[in-house]
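Working notes, structure below.
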Amino acid sequence: MPLDSRIDEITDNIRERSRDRREAYLKRMRTQAEQGPRRGHLDCGNQAHAYAAMGEMKDDLVADRVPNIGIVTAYNDMLSAHQPFKDYPDRIKAAARAAGATAQVAGGVPAMCDGVTQGQAGMELSLFSRDVIALATGVALSHNTFDSALYLGICDKIVPGLVIAAATYGYLPGIFVPAGPMPSGLPNEEKAATRRAFAEGKVGRAELMAAEMASYHGPGTCTFYGTANSNQMLMEFMGLHLPGASFVNPGTPLRDALTDAAATRAAAITGLGNAYTPVCDVLDERAWVNGLVGLMATGGSTNLVLHLIAMARAAGVELTCADFDAISGVTPLMARVYPNGLADVNHFHAAGGLPYMIGQLLDAGLLHEDVQTAAGQGLSAYASEPKLGPDGLHWAPGPRESQNDKILKPPHDAFATTGGLRQMRGNLGLGVTKISAVAEDHHVVEAPCAVFHDQDAVKAAFKAGTLDRDVIVVLRYQGPKANGMPELHALTPSLSVLLQRGFKVALVTDGRMSGASGKVPSAIHVAPEALDGGLIAKLRDGDVIRYDAEEGRLECLTEGVEAREIEVPDLSANEEGLGRELFALFRANAGPADQGAGIVI
């Protein structure tokens, strides 16, 4: 199928806008690549330090013609998604040796979990951990001894940080290696219902804890479709995974075989051979458009609006919020995965998953097929799925029909004609909203606002009953400069209860919502943020706000707001405790949300 003219036009706009930045980036990458194998430029003393602990592999490492793979790992055993990475380095080293290569753990990066820090002060470090991960990866690869890299990461900020670094070292080939989701536990909707009941005081903490533990119950990624699983989808749509690798459960023979295959492939695509595939060539404007299409077709995380902009800039590509809006407008919503439906990612995978979706979207002309990928073929390779047979790992054509039409549908019969992610504009600034899980009668909310400066105050107002009305909750001074832009998912149970009580409710904030943003209409990432003088800083209780997701409008309808003085609360509590002192430089230099809210690029 020829490429849809609308996708082609959006791609051309991004290409033209990015031309100077992309050309400068590629020039830097070509200059680095022309220097040949990195180890060849090290003095003997430098090399001896790098190889001292490598035992029988020392001779191979000294030989410039033997590829050396750098492993960057986000392993820790506190977080379920990253615990499976514990044994990956030994497995990768064995697979590399079998392929005539060597491998070393280049370094580790931090991996924090928004599920642990949700509603806690530690969440104020979360967004900036993306930049720390990029910096830490930069340090890991700075020893200049690697011919390709394997990036082991899963969750919210980890994959974006690794991608930023992989693009910065774009002359190196790289493959992202996932660990897969945990098996299905307590259904996500049952867990959410228990959370709402707890917020109303109908069940106690023991019942809440039992539900949470039954949902998050073993090694692997959480099973709802939040940022972590959106990241995995993205790596597949953009050609940085091996095909079909995203949602294979940990600890299975197929998962192990895919990890081995990633090491083998990383050895094959270095500059020492004939299949050199540097990351800089994979991550051109077509790959980013493919990633955006995947985000919209699956109903993915709003956090990726921030991350994709920052990630693309590292590869010399300039994305804007308008690109998200434009691609959402032409991409059908093909999947219903919680919170957009009742299924979890294991059900999604069983129904056909990413191979089905990529095949269908290619047939509909909504994806660029002619891209470079880590697999060494165009994107059509990602319409196949991995199989493990008597002769080992191979790829077979993916399903051409949905195995469950309550979870997956083809583009011509999709759950919605658009992706459900909208840009919001108006006198309150620029923001985004995700409505793929929001009931249609809540797409427009016009009501007096209630203004807050912290999450606890919102929860207290809910418990006191002062929010039992049509209301737009404004939670400001939650932007990157104010306090690191924490997620505000802890408010979801309370606001969901207000919806169930029949009220018109919306959230407006310069902070973030969860990657699993659900049924509560929310205008998030509002920029300029309050601390940068955005109009949101001048709102007062009772001002009338219109949230209109149909038209993409976010307006304060009360006259005279612009002439008011900005109200600045005491933000000193955001500056200390739980390591927040260490991030003062990050807060001071953070970019605006519509430019990725980062400091690195």
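Nothing in this text is a laboratory measurement; each read-out follows from the coordinates by a stated rule. Predicted model only: the values in this text are computed from it and were never measured. Neighbour counts run over all protein chains shown; Cβ positions are idealised from the backbone, glycine included.
A few notes on this one:
- Whole-Å semi-axes of the ellipsoid equivalent to region 418-497 (Cα gyration tensor, √5λ, descending): 21, 18, 13
- Degrees between helix 253-268 axis and first principal axis of the chain (Cα, 0 to 90, nearest 10): 60 degrees
- Once C-alpha pairs closer than 8 Å and six or more residues apart are averaged by separation and normalised to the residue number of region 150-204, the relative contact order reads 35 percent.
- Rounded to 10°, Cα long-axis angle of helix 205-215 versus longest principal axis of the chain: 40 degrees
- Protection proxy ranking, peptides 547-560, 241-254, 422-435, average beta carbon neighbours within 10 Å, highest first: 422-435, 241-254, 547-560
- Evaluated at q = 0.19, 0.23, 0.24, 0.34 Å⁻¹: base-10 log I(q)/I(0), Debye formula over Cα of region 562-601: -0.75, -0.88, -0.90, -1.03
- Note on the chain: Kirkwood radius taken over Cα pairs, Stokes-Einstein applied at 20 °C and 1.002 mPa s, translational D equal to 88 µm² s⁻¹.
- Solution diffusion estimate, µm²/s, Stokes-Einstein, region 421-595, Kirkwood Rh from C-alpha pairs, 25 °C, viscosity 0.890 mPa s: 153 µm²/s
- Placing a pseudo-label 7 Å from each Cα along the Cα-to-Cβ vector at S572 and R19 gives an inter-label distance of 5.3 nm.
- Partners for K387 among aspartates and glutamates (Cα-Cα distance below 20 Å; same-chain residues under 8 apart left out): E236, D256, D260, E401
- Shape index of region 214-307: Rg/Rh, with Rg the Cα radius of gyration and Rh the Kirkwood radius from the inverse mean 1/r over Cα pairs, equals 1.01.
- Per residue, the convex hull spanned by the alpha carbons of region 106-190 comes to 104 Å³.
- Region 249-366, Cα convex hull volume normalised per residue, Å³: 140 Å³
- Helix 88-98 axis, angle to the chain major axis (alpha carbon atoms, nearest 10°): 30 degrees
- 15 Å reach of a label modelled at T558, 7 Å along Cα-to-Cβ, counting backbone N of region 445-467: 446-453
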